[in-house]
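To start, the structure itself, in structure tokens.
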Amino acid sequence: MSQKPPIICLLGPTGTGKTAAAIAISKRLPTSVINFDSRQVYEDFPLITAQPDSEEQAACPHLLYGFVPTEEKMTAARFVELAMETIEEVRSEGRLPILVGGTGMYLKSLLSGIAPIPDIPDEIRQSVQERIKREGPQKLHAELVETDPDYAAKIHPNDTQRNGRAAEVFLATGKNLTWWHTSSEHTPAPYTALKIGMQIALDELEPLLAKRIGMMVELGALEEAKAAMAKCADPEAPGWTGIGCAELLAYLREEMTLDEAEYRWIKNTRAYAKRQITWFKKESDINWFAPGDNESVADLVERWLAENQTES
């Protein structure tokens with residue numbers, strides 16, 4: 001019997017029905033859903049980032065969705081701070097926290113502890129940003145393959161934010177992000193976590209992702225991007241670096257056709273899902289279910305809670 005309070009973690013690649021599984025649990029237990037997807041925090045892109053819709057959010061409280069402006073950066077350290085505050089608020093209400101998302105680094109940072117990386121000097125951060133503008137993130141990614149091949153394999157060469165962060169940390173500390181994440185001293189969150197994953201083969205997931213993106217376009221993804229562009233048109237702003245956002249902005253900036261933007265959106269989403277699958281496959285303590293097997297997920301949660309009763 002654990003003395004640490006319980007939390008549920010619903011994880012897996014994009015488009016596998018994690019929100020539906022969380023709602024199935026909420027029909028049996030008083031719960032609140034807490035987001036741990038790094039893209040779904042942005043307020044200007046609820047449709048493009050597939051945030052839970054109004055009907056889903058009405059099923060139970062949904063927290064840490066759509067609250068960050070496009071121009072503001074979200075980090076794993078800030079997520080951990082916000083998530084722990086939110087978990088305690090949910091518990092104080094007598095509700096079970098269910099963390100839902102696909103950003104493996106955010107969840108790992110919460111459960112295993114955040115790397116105590118020192119603050120990066122402004123001059124280093126500025127020099128890295130200038131290099132990105134001058135040479136693009138791909139150049140930094142090529143260097144990252146040499147200095148930190150494990151982390152380089154997890155991120156896309158076009159990811160401005162993560163490639164920049166990796167370069168800053170290495171320049172400022174002399175150690176790469178993999179060292180900080182695996183070898184430095186961490187303070188884990190004081191919870192007992194049940195990890196539940198939604199699993200599907202990539203070749204089965206790909207057509208579902210393409211269908212979902214097509215539906216997003218029909219429902220107004222382009223109009224959402226236009227409205228966001230009217231507020232912040234800087235393509236380097238953190239909110240625009242997400243998949244779907246970047247491609248639609250490129251179309252709006254007349255850098256590609258709409259068909260090309262949709263094609264790249266689908267292609268990049270598939271690549272992202274593949275990276276998510278690879279990340280979560282390395283974890284041995286995940287209980288895997290097929291998308292849609294939500295009653296079985298809820299059954300497991302109830303059994304696990306009964307076995308791990310703890311005073312909250």
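The values are calculated or read from the model by the stated rules, or taken from the named source; none is laboratory data. In this text the structure is predicted, and so the values were computed from the model without any measurement. Neighbour counts are summed over all protein chains in view; Cβ atoms, including those assigned to glycine, are modelled from backbone coordinates with ideal geometry.
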Task: Counted residues, the range 1-39 - those being out of contact with any strand residue (DSSP E or B) (no Cβ under 9 Å at 6 or more places or on another chain) and of a type in the set (S, T, N, Q) - done: 2
- [ ] Identify, by number, the condition in (1) within 14 Å of Met198 (Cβ to Cβ); (2) touching a residue at least 60 places away in the same chain (Cβ under 8 Å) that Ser296 doesn't meet.
- [x] (2)
Open item on the list: Pull out all pairs, ordered by first then second residue, where Cβ-Cβ is under 8 Å, the residues are six or more apart or on different chains, the first lies in the range 167-183 and is within 16 Å of Met105 (Cα to Cα), and the second is charged (D, E, K, R) and assigned to a helix (DSSP H, G or I).
Closed with: Leu177/Arg165; Thr178/Asp150; His181/Lys108
- [ ] Kindly establish whether Ala77 is surrounded by fewer than 21 Cβ atoms within 10 Å (Cβ to Cβ), in the same structural domain as Gly214 (by TED's automatic domain parsing), aliphatic (A, V, I, L, M) and modelled with pLDDT of 95 or more.
- [x] no
Task: Residue satisfying condition, being crowded, with 16+ Cβ neighbours inside 10 Å and within 22 Å of Ile155 (Cα to Cα), within set Glu224, Glu247, Glu283, Glu236 - done: Glu247
Task: For Asn35: the one exception among (1) polar (S, T, N, Q); (2) buried (at least 24 other Cβ atoms within 10 Å of the Cβ); (3) closer than 16 Å to Ser296 by Cα - done: (3)
Task: Pairs, first under 22 Å from Gly242 (Cα atoms) in the range 79-103, second among the hydroxyl-bearing types (Ser, Thr, Tyr), C-beta under 6 Å, six or more apart - done: Phe79/Tyr106; Val80/Ser109; Gly102/Thr14; Thr103/Ser38
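Quick grid of which residues meet (1) buried (at least 19 other Cβ atoms within 10 Å of the Cβ); (2) hydrophobic (A, V, I, L, M, F, W, C); (3) under 20 Å from the mean Cα position of the chain (by Cα):
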| position | (1), (2), (3) |
| --- | --- |
| His156 | no, no, yes |
| Asn163 | yes, no, yes |
| Ala167 | yes, yes, no |
| Ala172 | no, yes, no |
| Lys175 | no, no, no |
| His186 | no, no, no |
| Thr192 | no, no, no |
| Glu204 | no, no, no |
| Gly220 | no, no, no |
Open item on the list: Checking the structure you have, find out if any residue of the range 269-286 is over 18 Å from the mean Cα position of the chain (by Cα), farther than 23 Å from Leu194 by Cβ and of a type in the set (A, V, I, L, M, F, W, C).
Closed with: no
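Are there any helices (runs of 4 or more DSSP H) wholly within the range 1-109 with 2 or more residues that are hydroxyl-bearing (Ser, Thr, Tyr), and if so which? Reasoning before the result, please.
Values: elements: 18-26, 54-59, 76-92.
Once the helices (runs of 4 or more DSSP H) in the range 1-109 are filtered for at least 2 residues that are hydroxyl-bearing (Ser, Thr, Tyr), what remains is 18-26, 76-92.
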TODO: Please indicate, with yes or no, whether at least one residue in the range 254-266 is surrounded by fewer than 18 Cβ atoms within 10 Å (Cβ to Cβ), more than 26 Å from Tyr106 (Cβ to Cβ), of a type in the set (S, T, N, Q) and modelled with pLDDT of 95 or more.
DONE: yes
Open item on the list: On the basis of being in contact (Cβ under 8 Å) with a residue 60 or more places away in the chain, aromatic (Phe, Trp, Tyr) and under 25 Å from Thr192 (Cα atoms), does Phe45 make the cut?
Closed with: no
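Conditions (1) within 26 Å of Ile98 (Cβ to Cβ); (2) touching a residue at least 24 places away in the same chain (Cβ under 8 Å); (3) hydrophobic (A, V, I, L, M, F, W, C), marked per residue:
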position: Glu218; (1), (2), (3): no, no, no
position: Ala228; (1), (2), (3): no, yes, yes
position: Ala233; (1), (2), (3): no, no, yes
position: Ala237; (1), (2), (3): no, yes, yes
position: Leu249; (1), (2), (3): no, yes, yes
position: Lys267; (1), (2), (3): no, no, no
position: Ile277; (1), (2), (3): yes, yes, yes
